[in-house]
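Below: the structure, in structure tokens.
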Amino acid sequence: MSNTIEARGLTKRYGDKLAVDDLDFTVEPGRVTGFLGPNGAGKSTTMRLVLGLDAPTAGTVTVGGRRYRDLERPLHTVGALLDARACHPGRTAASHLLAIAQTAGVGRARVDEVLGLVGLESVAGKRAGTFSLGMSQRLGIAAALLGDPSVLMFDEPVNGLDPEGIRWIRTLMRDLAEEGRTVLVSSHLMSEMALTAQHLLVIGRGRLIADTGIEDFLREYGTESVLVRADELDRLARVLRRAGAELASETDALHVHGVTATEIGKLAAGEGIALSELTPHRGSLEDVFMALTNDAVEYGVGA
């Protein structure tokens, strides 16, 4: 479709530093794609490459089959928030947006419309330098929406937002995707990505680790355990070990790995052991992400 983002062999090197390493991916419309990776993984660099702010060392990245610099009306095709503070502090919110709008033939009515959409209409006449980080995020999102673009890119858009603001941006991103737009969002808040994204791109040290739906990601890379409680816990533990399970014990429970809840139930029934709890547990997005990217962390504790 005309509003996909496509990278093929995308590579960026800064001197000896390989920031982006031979990336191949396609960001499709109609869904929110979460862009995940540890600090230094290359997420922001990749977004800058999409927007033509940096030139690739090798490979290509296009929007709707064209490089950003070749787009006839870029503001109407791609809207982006990379830095919430990228605004002259002496300008009011309205004048900041109007200056951007005038470069792309966007009228004043649209400025007023996006200020209302992001909840800043009451502070439209205040200088951006007085804004909190959360308000600056809202202003940056308003700027991204000015041209009513078909592709939207947000880098850490929930930084500085309160819980109401986080819920608002989550709903906004999903609504934009449901309208058929392409939405790419990077975030370190795994709990928020679990609620927002339908698809994930995960990178580490500039290389692609995963490109998959979020449910498939959790199923493929996550591990499932089962919490079990029973009156004859020691006997059940022996039965499960014979079946090849790995166990972690608590005072009154077992955490079982390697055997499904259904299999545990059948084994217990076969031995006449009554179970008082049998609860499957799948690792959270944060758990799976941390395990998968552990070797790709550039600035880890003790590194």
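The values are calculated or read from the model by the stated rules, or taken from the named source; none is laboratory data. Everything numeric here is computed off the predicted structure, so don't read it as measured data. Heads up, the Cβs are rebuilt from the backbone with ideal geometry, glycines too, and the neighbour counts pull from every protein chain shown.
Output the residues belonging to segment 10-44 that are free of Cβ contacts under 8 Å to residues at least 60 places away in the same chain and not in a strand (DSSP E or B).
Gly15, Asp16
Given the conditions (1) part of a helix (DSSP H, G or I); (2) out of contact with any Asp or Glu (no Cβ under 9 Å at 6 or more places or on another chain); (3) closer than 18 Å to Leu200 by Cβ, which single one is not true for Arg170?
Every listed condition holds for Arg170 apart from (2).
Going through Phe131, Phe154 one at a time, which residue ends up being under 28 Å from Pro29 (Cβ atoms) and of a type in the set (Phe, Trp, Tyr)?
Phe154
Sort through Ala291, Ala210, Ala253 and tell me the only one that's of a type outside the set (Phe, Trp, Tyr) and surrounded by fewer than 15 Cβ atoms within 10 Å (Cβ to Cβ).
Result: Ala291 is the single residue among Ala291, Ala210, Ala253 that is of a type outside the set (Phe, Trp, Tyr) and surrounded by fewer than 15 Cβ atoms within 10 Å (Cβ to Cβ).
Based on what the data block shows, is Thr262 surrounded by fewer than 13 Cβ atoms within 10 Å (Cβ to Cβ) and either without any contact (Cβ under 8 Å) to a residue 12 or more places away in the chain or closer than 23 Å to Arg170 by Cα (or both)? Steps first, please.
Details: surrounded by fewer than 13 Cβ atoms within 10 Å (Cβ to Cβ): yes; either without any contact (Cβ under 8 Å) to a residue 12 or more places away in the chain or closer than 23 Å to Arg170 by Cα (or both): yes.
The answer is yes for Thr262.
Given the criteria surrounded by 17 or more Cβ atoms within 10 Å (Cβ to Cβ), of a type in the set (Gly, Ala, Ser) and either modelled with pLDDT under 95 or under 28 Å from Glu178 (Cβ atoms) (or both), does Ser44 qualify?
Details: surrounded by 17 or more Cβ atoms within 10 Å (Cβ to Cβ): yes; of a type in the set (Gly, Ala, Ser): yes; either modelled with pLDDT under 95 or under 28 Å from Glu178 (Cβ atoms) (or both): yes.
Spelling it out, Ser44 is indeed surrounded by 17 or more Cβ atoms within 10 Å (Cβ to Cβ), of a type in the set (Gly, Ala, Ser) and either modelled with pLDDT under 95 or under 28 Å from Glu178 (Cβ atoms) (or both).
Any idea which of (1) crowded, with 19+ Cβ neighbours inside 10 Å; (2) of a type in the set (S, T, N, Q); (3) not in a strand (DSSP E or B) is the one Ser225 doesn't satisfy?
Only one criterion is unmet by Ser225, namely (3).
Identify all residues within segment 177-191 that are crowded, with 20+ Cβ neighbours inside 10 Å and either touching a Cys at 6+ places or on another chain (Cβ under 8 Å) or not in a loop (DSSP other than H, G, I, E, B) (or both); write none if there are none.
Hits for segment 177-191 are Ala177, Thr182, Val183, Leu184, Val185, Ser186.
Quick one: Met153 ticks every box in (1) part of a helix (DSSP H, G or I); (2) under 19 Å from Lys43 (Cβ atoms); (3) aliphatic (A, V, I, L, M) bar one, so which box is it?
Single failed check for Met153: (1).
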